[in-house]
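Where a number appears in this text, it was derived from the coordinates with a stated rule and is not lab data. This one's a predicted model, so the numbers in the text were calculated from it and none came from an experiment. In this analysis, Cβ positions are derived from the backbone assuming ideal geometry, glycine residues included, and neighbour counts consider all displayed protein chains.
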Amino acid sequence: MKTGKPTRLSEKLNADMDAIRQEHADLMASQLESFRTNMTSIAQSAQTTIKTDTQRFMEQNRNWLRELTSQAKDCVVISPWMILWIAVSGIAMMMLASLFWTAVMTRSEIEDMGLTRITRDNHTWLIMDPDRTELQTCTLARAPVMCLKIRER
């Protein structure tokens, strides 16, 4: 064992320990500053990404809503005219079908009865087939009326 100047050795050890502590403190401060810089950069990058994504999402939704609104306006403008056109077309088609069906049914019934229809001026004439039809006087509720007797074929 050495005896002599323990203060110097202890001072030297203390000085070495202080140097090591200072070195560790500087290293820790450097690492902490590096960590702080990295975290700040990551946070800013994340914030920029979130901001950009949110803006893009809002823009896409805004465009989609504009398009949807435009389509709704077009439907409102076109729809009443389309409904009116369809209704008028339907009514006209039904009237034509009714007129056609009435003409077909009337002609066939009249021809089946042996009558011929002639329309002139403001009068309609029914001409009887003498082989199939006969005009007679009948009684209906004890009153004499003119009847048309038709022989079936």
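May I ask you to list the residues in region 124-144 that are hydroxyl-bearing (S, T, Y) and within 60 Å of the chain's Cα centre (by Cα)?
Step one: filter region 124-144 for residues hydroxyl-bearing (S, T, Y), giving 124, 133, 137, 139.
T124 - this is the single residue of region 124-144 that is hydroxyl-bearing (S, T, Y) and within 60 Å of the chain's Cα centre (by Cα).
Within region 118-129, which residues are loosely packed, with under 13 Cβ neighbours inside 10 Å and within 14 Å of L148 (Cα to Cα)?
Looking only at region 118-129, we keep the residues that are loosely packed, with under 13 Cβ neighbours inside 10 Å, and these are 118-127.
L126, I127, listed by residue number.
When region 118-129 is examined, which residues are found to be more than 18 Å from A103 (Cα to Cα) and part of a strand (DSSP E or B)?
M128
Listed here are the residues, each with its yes/no results for (1) part of a helix (DSSP H, G or I); (2) surrounded by fewer than 10 Cβ atoms within 10 Å (Cβ to Cβ).
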| position | (1), (2) |
| --- | --- |
| A43 | yes, no |
| M95 | yes, no |
| T116 | no, no |
| D131 | no, yes |
| T137 | no, yes |
